[in-house]
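Have a look at the structure below before the remarks.
The values are calculated or read from the model by the stated rules, or taken from the named source; none is laboratory data. A quick note: this is a predicted structure, and the numbers were derived from the prediction, not measured. Cβ: placed from backbone, ideal geometry, glycine included. Neighbour counts: every protein chain shown.
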Amino acid sequence: MQYHVDGSLVPAAEATVSVEDRGFRYGDAAFETCRAYGGEVFAWDRHAARLERTCETLGMPDAVPDDLPVRVADTLDANDLRDAYVRVSVTRGVQPGKLTPDAETDPTVVVTTKPLPRGGVDGERVWDGGATVQTVKTRRTPSNAVPADAKTHNYLNGIMARLELRRVSNEGYSPDEALLRDQSGALAEGTTSNVFFVDDGALHTPAAGELLPGITRELVLALAREESFPVETGTYDVDDLRSADEAFLTNTTWEVRPIEQADGIRVGSGPITALCQRLYDELVEERCY
Ligand code: PMP
C-alpha cells in the first residue's frame, strides 16, 4: 500500500508525520472520509467543500492544496484501487511549542486509501445486518465549544461514547453505534453517523446545528424530497426514534443502514428505508459507473 504524504507517494510503512505536527499534538486538523466506487470518488465536490469549510473554521483558509483531487487519484492508482475507502487529512502542520497557532500555516496533507468492496444494487454491504444502537450518557460536544459542522481530527467525544458502549457490551449484546444527545437532551447523531426515522409515513432527521451534517444525510434528504412522502428536519427525543416505524443510520461507509434495535427496542427497516437505500444506490450507480 502507498500513501500520499506532503506531495509524494510513499510506502505505507514510511508514511509518517512529525511528533511536532499539530494534528498529532492537538487534533488540530481537518479531514474527510470518502468512498471511491469504480475509480470515482463519490460526491467529491461535497467532501471538498466540507474540507474547505472546516479549514476556514480552523482559521487556515488556504490550507487545502489545489491539486488535492490529483493526489487522491494518484493514491488510488498507485494502489490499483477502484472501490476504496479514502481518507484525506489536512493538519496545521509542524509548529513546535505553543498552543496559539502561527499566522503562517504550512499544512501537512495526507491521503490514505484501503480497499472497500462495493455494496449497493448488486454488491455486498460493508455491514452485516441492521445496526444495534444505544443511547449513551456522553453528550455531543456543544457547537458553541467546537463548531459541530467542522470535521476535525478531534474525535474524543465519539471515543468517550464508544467507550461507554464497550462498558455495556457483553456476549449477547454489543451495540454497533452510540446515540448522542445534545446539551438540551434532544437526539443529535451517532458517533460517526447521522440518524433518521420514519413515523406515519414521514421521514425525520434532527435539524443541523448540534450535529455534523453528513454528506450522506444531505444526499438522502435531497433524494427523499424528490419523492412524494413528507420529509422533515426538527428537534426530536430518543423516544421518537425508539417508537418509530422504521429507522436508519447514514454515513459514507455504511451508506443507508437500518437500525435493527434502539436501546433494546426493535425498530427495523421498512418501505421508506428500502426506498432510500435504492435511491442512494442508484445515485452511486449513475455518478460512478
Ligand atoms: N456524524 C459524525 C460525527 C461523523 O463522524 C460522520 C462521518 N463522517 C457522520 C455524521 C456522517 O457523515 P458522512 O455522511 O459525511 O460520512
Looking at (1) in a loop (DSSP other than H, G, I, E, B); (2) of a type outside the set (D, E, K, R); (3) touching a Gly at 6+ places or on another chain (Cβ under 8 Å); (4) farther than 29 Å from Tyr26 by Cα, can you tell me which one Val133 breaks? (1)
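Any residue that is touching a residue at least 12 places away in the same chain (Cβ under 8 Å) and within 16 Å of the ligand (Cβ to nearest atom) - is there at least one of those in the range 4-11? Break it down stepwise before answering.
Going residue by residue through the range 4-11, those that are touching a residue at least 12 places away in the same chain (Cβ under 8 Å) are 4-7, 9.
Checking the rest, the ones that are also within 16 Å of the ligand (Cβ to nearest atom) come to none.
The answer is no, given that none of the residues of the range 4-11 is touching a residue at least 12 places away in the same chain (Cβ under 8 Å) and within 16 Å of the ligand (Cβ to nearest atom).
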Result of the Cβ filter at 6 Å on the range 270-289, keeping first residues that are in a helix (DSSP H, G or I) and partners that are of a type in the set (D, E, K, R), at least 6 apart or interchain, is Ile272/Glu246; Thr273/Glu246; Tyr280/Glu255; Cys288/Glu40
Failed criterion for Thr108 (all others in (1) over 30 Å from Arg71 (Cα atoms); (2) away from the ligand (no atom under 14 Å from the Cβ); (3) at pLDDT 95 or above hold): (1)
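If I filter the range 21-37 down to residues being within 19 Å of Thr100 (Cβ to Cβ) and surrounded by fewer than 19 Cβ atoms within 10 Å (Cβ to Cβ), which single residue comes out as farthest from the ligand (Cβ to nearest atom)?
Within the range 21-37, the match that is farthest from the ligand (Cβ to nearest atom) is Arg25.
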Please work out which residue is surrounded by the fewest Cβ atoms within 10 Å (Cβ to Cβ), limiting yourself to the range 140-197 and to residues that are of a type in the set (Val, Ile, Thr) and under 23 Å from Thr216 (Cβ atoms). Ile159
Filtered residues of the range 216-231 (kept if away from the ligand (no atom under 16 Å from the Cβ) and in a helix (DSSP H, G or I)): Arg225
Within the range 198-211, the count of residues that are under 16 Å from Asp149 (Cα atoms), buried (at least 22 other Cβ atoms within 10 Å of the Cβ) and of a type in the set (A, V, I, L, M) comes to 1
(1) more than 13 Å from the ligand (Cβ to nearest atom); (2) surrounded by 20 or more Cβ atoms within 10 Å (Cβ to Cβ); (3) assigned to a loop (DSSP other than H, G, I, E, B) all hold for Thr113 apart from (3)
Any residue in the range 246-263 that is within 16 Å of the ligand (Cβ to nearest atom), part of a loop (DSSP other than H, G, I, E, B) and either over 26 Å from Thr33 (Cα atoms) or charged (D, E, K, R) (or both)? no
For the range 38-71, enumerate the residues that are β-branched (Val, Ile, Thr) and more than 16 Å from the ligand (Cβ to nearest atom). Val64, Val70
Could you check, for the range 128-140, whether at least one of its residues is in contact (Cβ under 8 Å) with a residue 40 or more places away in the chain, in contact with an Asp or Glu (Cβ under 7 Å, 6 or more places away or on another chain) and basic (Lys, Arg)? yes
So Gly234 fits all but one of (1) under 21 Å from the mean Cα position of the chain (by Cα); (2) away from the ligand (no atom under 16 Å from the Cβ); (3) surrounded by 16 or more Cβ atoms within 10 Å (Cβ to Cβ); what number is the exception? (3)
Considering residues of the range 72-104 that are of a type in the set (Ser, Thr, Tyr) and surrounded by 15 or more Cβ atoms within 10 Å (Cβ to Cβ) only, the residue nearest to the ligand (Cβ to nearest atom): Tyr85
